[in-house]
1. Given the residues Ser194, Ser217, which is the only one that is under 27 Å from Phe69 (Cβ atoms) and of a type outside the set (A, V, I, L, M)?
2. Considering only residues that are farther than 15 Å from Ile208 by Cβ and exposed (fewer than 14 other Cβ atoms within 10 Å of the Cβ), which ones fall in region 72-104?
3. Within region 202-230, how many residues are without any contact (Cβ under 8 Å) to a residue 40 or more places away in the chain and not hydrophobic (A, V, I, L, M, F, W, C)?
4. Considering only region 163-175, I want to know if a residue exists there that is under 22 Å from Phe37 (Cβ atoms) and modelled with pLDDT under 65.
5. Every residue in region 60-104 that is more than 30 Å from Leu163 (Cα to Cα), polar (S, T, N, Q) and in a helix (DSSP H, G or I), please.
6. Looking at (1) more than 19 Å from the chain's Cα centre (by Cα); (2) surrounded by 11 or more Cβ atoms within 10 Å (Cβ to Cβ); (3) farther than 17 Å from Tyr166 by Cβ; (4) not hydroxyl-bearing (Ser, Thr, Tyr), which is the one condition that is false for Glu41?
7. Pairs under 7 Å by beta carbon, first residue of a type in the set (Val, Ile, Thr) in region 45-56, partner not in a helix (DSSP H, G or I), six or more apart or different chains?
8. As an exercise: evaluate Thr14 against (1) in a helix (DSSP H, G or I); (2) free of Cβ contacts under 8 Å to residues at least 60 places away in the same chain; (3) not aromatic (Phe, Trp, Tyr) and give the number of the one condition it does not meet.
Amino acid sequence: MNKNVPHKIDYDTTSLISTIQFWLVIVGSVSSFVTIFDIDEFIKSIIEISICIVSIIYFISEILYNNFFIKAEQHRIDDLIDNSLNSKIADENSENYYTNDNVKQSVVKLGVNGFENTFFTKNIVNEMIKKQFPVFFIILISYLISIFFVDKKVLVIVFQLILPLYIIKDSIQLFLFKTRVERIYDCYKKVFSSTRKTEREPIIINNIISYEKLISSYNIQLDSKIFNKMNPKLTNDWNNLKTKFGI
């Protein structure tokens with residue numbers, strides 16, 4: 001079944017920026033590590049200037065990423081509302097993006113779609129953490145050795161600190177994001193398992209707001225490679241979960 005996801009182009013842009021940021025971090029890490037060794041002072045100064053330039057480019061790319069991510073998320077939310085409530089907010093709607101056509105368009109369907117989003121996000125973020133943290137430790141140790149065990153000018157140290165600080169921030173945010181997504185996911189399970197149908201709508205709306213607020217606050221995009229790899233299994237697991245909860 002072919003999927004039409006109009007807002008995918010927005011996420012492709014942020015994915016490209018994320019890929020560029022990853023390689024900037026790799027280049028910066030290798031450059032920093034090279035300065036540990038006894039090399040020609042001129043070459044060393046060129047490397048340190050390059051590290052400063054890489055840090056500036058990364059800083060600018062972070063601003064661009066945040067702006068494109070906000071745009072992508074707004075398009076996704078518009079499509080979510082249209083799919084759930086039969087409105088016409090988005091300029092173009094997705095097809096076969098959600099798997100809940102059996103549910104009548106209503107606040108309850110909004111909740112089911114939100115439940116599906118949370119289910120996928122929770123599982124993909126878990127894999128992202130497994131993938132990111134080993135890289136995080138290697139890069140961080142390389143920077144720390146370079147910064148604190150090699151004589152440098154203060155300005156160079158400041159610029160070298162930019163990248164590891166971003167890495168620390170991103171890794172901590174990913175872990176906190178995972179914890180909070182799991183709370184929302186657990187709340188959805190309670191909504192569709194033990195909450196009376198007449199009492200579901202306010203909790204569903206609160207969950208939707210909590211999830212969207214979480215996404216906008218942390219600006220974390222799911223890894224598309226992990227998503228594509230896990231999508232068949234998660235889709236099957238999601239369908240089993242709907243059966244379990246009678247959705």
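1. Being under 27 Å from Phe69 (Cβ atoms) and of a type outside the set (A, V, I, L, M) holds for just one of Ser194, Ser217, which is Ser217.
2. Scanning region 72-104 gives Asn86, Lys88, Asp91, Glu92, Glu95, Asn96, Asp101, Asn102, Lys104.
3. 8
4. Taking region 163-175 as the starting set, the residues that turn out to be under 22 Å from Phe37 (Cβ atoms) are 163-164.
Right, trim to modelled with pLDDT under 65 and you get none.
No, every residue in region 163-175 fails to be under 22 Å from Phe37 (Cβ atoms) and modelled with pLDDT under 65.
5. Answer for region 60-104, where residues must be more than 30 Å from Leu163 (Cα to Cα), polar (S, T, N, Q) and in a helix (DSSP H, G or I): Asn83, Ser84.
6. So the condition that Glu41 fails would be (2).
7. Sorted first by the residue in region 45-56, then by its partner, the pairs are Ile47/Thr35.
8. Here Thr14 clears every test but (2).
The values are calculated or read from the model by the stated rules, or taken from the named source; none is laboratory data. Keep in mind the model is a prediction, meaning the values are calculated, not measured. Virtual Cβ from ideal backbone geometry, glycine too; neighbours counted across all protein chains shown.
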